[in-house]
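Values quoted throughout were computed directly from the atomic coordinates according to the rules given, and no laboratory measurement underlies them. Every value quoted in this text rests on a predicted model; they were computed, and no experiment measured them. Every residue, glycine among them, receives a Cβ derived from its backbone with ideal geometry; neighbour counts consider all protein chains shown.
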């Protein structure tokens with residue numbers, strides 16, 4: 001079960017869309033409205049919204065979608081009960097609404113149209129509504145034993161509309177590229193070749209990066225909005241891990257040699273000298289890569305120790 005929340009200012013357009021006969025619409029629940037026809041419903045909504053003229057978008061619209069696997073058990077009564085409980089948990093109460101089921105898609109779904117101005121003239125809060133909605137959908141899915149979707153990878157791309165279509169295209173591209181790139185320059189170049197522009201958000205007027213925005217097909221998405229794993233900090237950590245993995249894979253292929261059990265003083269001196277050369281930018285490319293990896297890992301460990309000391313304090 002998942003919800004898509006939108007707002008608007010045109011009750012008549014909302015009513016006409018949801019009650020379109022071509023969608024095989026069936027009203028499953030309503031309250032506080034004159035349901036004679038589309039016009040009387042819209043008039044009812046508009047009359048109550050005038051109790052609070054400060055709200056520019058009094059039209060509330062939520063589409064609740066369910067998995068096709070659940071269709072046999074989703075009667076109109078069951079879907080109405082789930083939708084009403086969803087509204088109650090979302091604090092959408094004491095207001096006008098109607099719930100209608102559509103049959104124009106292969107998956108079961110209902111549309112909730114409600115007045116964001118309640119019966120007392122107060123505004124129904126939309127604070128953190130998407131976060132709350134996501135949590136409530138998961139809870140109701142578990143409560144009613146509904147099918148739990150397998151995440152973004154199982155979403156049917158051919159049925160998506162913009163901007164979701166572009167968002168999932170971006171998700172697929174990032175999933176592939178972040179998994180195989182080892183630095184930001186390569187990642188940004190690979191994304192650009194696929195029509196994705198990358199912009200970094202900085203903290204105030206400093207050079208400290210605190211966020212990332214991807215642009216594709218004219219749509220802009222914060223990294224974390226595409227998926228939590230694609231925030232700047234998580235991508236940066238993934239690139240570091242990829243880079244370290246690449247370097248570690250080079251060692252047994254190129255740098256491994258048979259080493260005597262005992263090392264002479266002269267040999268030890270040569271090893272020390274070689275290590276100093278690496279730090280000064282000399283030596284073989286393989287050894288230089290290995291040294292750079294060791295320095296980077298030492299820096300990561302130093303940061304971890306610093307964080308631990310901070311926690312103990």
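Set the Förster distance to 35 Å, then compute FRET efficiency between residue 4 and residue 194 from the Cβ-Cβ distance, nearest 0.05. Walk me through the numbers before you get to the answer.
Working: r = 27 Å, r/R0 = 0.77.
Taking R0 as 35 Å, the efficiency between residue 4 and residue 194 is 0.85.
Rounded to 0.05, the FRET efficiency of the residue 135 and residue 224 pair, given R0 = 22 Å and the Cβ-Cβ distance, is 0.85. Taking every alpha-carbon pair under 8 Å whose residues sit at least 6 apart, the stretch 2-149 reaches a relative contact order of 32 percent. Peptide packing: for 107-116, 201-210, the average count of neighbouring Cβ atoms within 10 Å per residue gives the ranking 107-116, 201-210, highest mean first.
Residue 81 to residue 23: extension gain in nm, 0.36 nm per residue of separation minus the Cα-Cα distance? Show your work: numbers first, answer last.
Working: separation 58, 0.36 × 58 = 20.88 nm, distance 2.13 nm.
The span from residue 81 to residue 23 would gain 18.8 nm if fully extended.
What number in nm² do you get for the stretch 158-234 if you take the convex hull of its Cα atoms and divide its surface by four? Before the final figure, lay out each step's value.
Working: hull surface 21.6 nm².
For the Cα atoms of the stretch 158-234, the hull's average projected area reads 5.4 nm².
Once the C-beta distance of residue 183 and residue 233 is scaled by a Förster radius of 22 Å, the resulting FRET efficiency is 0.90 to the nearest 0.05.
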